[in-house]
2 protein chains.
Amino acid sequence: MKRKPSTEATAAWIRLMRVQSRVLDAVEQDLKKGGFPPLAWYDALLELSRAPTGEMRPVELEKQMLIPQYSTSRLIDRLVDEGLAVRRECKMDKRGQFVEITETGRDLQKKMWGAYSAAIEKHVGSKLSDADALKLCGLLDRLGCSCGEVKAASAAKEGAPAR
Amino acid sequence: MKRKPSTEATAAWIRLMRVQSRVLDAVEQDLKKGGFPPLAWYDALLELSRAPTGEMRPVELEKQMLIPQYSTSRLIDRLVDEGLAVRRECKMDKRGQFVEITETGRDLQKKMWGAYSAAIEKHVGSKLSDADALKLCGLLDRLGCSCGEVKAASAAKEGAPAR
DNA sequence: TCAAGATTGATGCAGCTGCATTTAGTAGGC
DNA sequence: GCCTACTAAATGCAGCTGCATCAATCTTGA
């Protein structure tokens, strides 16, 4: 069971870890400089804003964002504290609730997309041709442990979820 | 300044974030199941074990691992608490110190490499041919914000640093 | 020689994560 | 109806991260 990975695989692993961390840091840093909250907030706001009614069950949000339950719970807390979302009771299921994005929340999501998209362009787009970006996608997808595909189209218009 | 990135670049960004997080999780999970400490500990032990004298200044460790100063300081605390390293005073510079890996530390590093390398093979190696792994390296390197190259050779023999 | 500035390492604080547990409500079987 | 099993969400605790700051020491230059 030992010394199995090839040097190539190991090198790919190292780069995957290093480069992701560098690029993520750079993007988060750019957002912070713009006075914006962390990326996770953006992801949540984006999901909420995409919901046809503007509201979602925490459970759904959790599935969309691929983060654990407690994490969702606390993220919602923070959004609500900042007035970016509100909790609504769920009459069909009294255990549950709905989370609805506010106008402030929608505004912030849009403003963040400006800074966020600029950061993606700066730290990814400008360093890779479209063809190479596609190649990278293809290779990365093969590593994705059967993680559902992300349609490029869905990300293109209004924002991109991370994680 | 808005809506700049191509859909290809955005898709690459999303996958970079998602896949890295999945793969890292999977590897960390495997290590945890084996009863081992987190990857960061491994990285530190590896750097220390590679030092010709078995000891390093925290500042050097910091530079090697590309983590912030306070993070190094606390990581060393934990290693020392667990008997994996010891602090030694530095006579040339009384502000500073040396950190030396213990035999226990060396043993742990070696044992961890068994589990770690198996995890790399399982989650990366087995999903990519060597040629594709190299392609992936090439593409990722272009995103690396002038981060120093990692020689494949240095990683091959005894372990691979993350981050 | 001595003050100003840089460097080394530690630490208090706040926020976030994971884990386990708790609380509350639902649903199914009998 | 009532007991059990399940699901939705919240929360207490520990550990880790980032940020700012601190104390101690070293270096430099006038």
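The values are calculated or read from the model by the stated rules, or taken from the named source; none is laboratory data. Source: prediction; values computed, not measured. When we count neighbours, we look across all protein chains shown, and the Cβ atoms used for this are built from the backbone with ideal geometry, even at glycine. Just so you know, the surface numbers come from the protein's heavy atoms only, side chains and all, with ligands and any DNA or RNA stripped out. Shrake-Rupley method; radii C 1.70, N 1.55, O 1.52, S 1.80 Å.
Annotations for the structure displayed:
Each row is one residue, and each column tells you yes or no for (1) more than 16 Å from the chain's Cα centre (by Cα); (2) more than 7 Å from chain A (Cβ to nearest Cβ).
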site: B:ILE101; (1), (2): yes, yes
site: B:LEU108; (1), (2): no, yes
site: B:LYS111; (1), (2): no, yes
site: B:TYR116; (1), (2): no, yes
site: B:ILE120; (1), (2): no, no
site: B:GLY125; (1), (2): yes, no
site: B:LEU128; (1), (2): yes, no
site: B:CYS137; (1), (2): yes, no
site: B:LEU140; (1), (2): yes, no
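- Counting only residues that are within 13 Å of DNA strand C (Cβ to nearest atom), surrounded by fewer than 17 Cβ atoms within 10 Å (Cβ to Cβ) and within 14 Å of chain A (Cβ to nearest Cβ), segment B:29-57 holds 3 of them.
- Scanning segment B:54-67 for residues that are more than 11 Å from B:VAL99 (Cβ to Cβ) and touching a residue at least 24 places away in the same chain (Cβ under 8 Å) yields B:GLN64, B:MET65, B:LEU66, B:ILE67.
- Scanning segment A:21-38 for residues that are in a helix (DSSP H, G or I) and away from DNA strand D (no atom under 13 Å from the Cβ) returns A:VAL23, A:VAL27.
- Scanning segment B:99-114 for residues being touching a helix residue (DSSP H, G or I) at 6+ places or on another chain (Cβ under 6 Å) and among the hydrophobic types (A, V, I, L, M, F, W, C) gives a total of 3.
- Every residue from segment B:41-60 that is over 16 Å from B:ARG95 (Cα atoms), modelled with pLDDT of 90 or more and not hydroxyl-bearing (Ser, Thr, Tyr): B:TRP41, B:ASP43, B:ALA44, B:LEU45, B:LEU46, B:GLU47, B:LEU48, B:ARG50, B:ALA51, B:PRO52
- Enumeration of residues in segment B:82-97 that are more than 13 Å from B:PRO58 (Cα to Cα) and within 10 Å of DNA strand C (Cβ to nearest atom): B:LYS94
- Qualifying residues in segment A:80-110 (those that are assigned to a loop (DSSP other than H, G, I, E, B) and within 11 Å of DNA strand D (Cβ to nearest atom)) - the one surrounded by the most Cβ atoms within 10 Å (Cβ to Cβ): A:CYS90
- Identity of the residue in segment A:68-79, more than 6 Å from DNA strand C (Cβ to nearest atom) and touching a residue at least 12 places away in the same chain (Cβ under 8 Å), that ends up surrounded by the fewest Cβ atoms within 10 Å (Cβ to Cβ): A:SER73
- Any chance A:GLN64 is buried (at least 16 other Cβ atoms within 10 Å of the Cβ) and more than 24 Å from A:LYS32 (Cα to Cα): yes
- Just one of the numbered conditions (1) farther than 17 Å from B:ILE14 by Cβ; (2) open to solvent by less than 10 Å² (accessible area, probe 1.4 Å); (3) not acidic (Asp, Glu) is not true of A:VAL23: (1).
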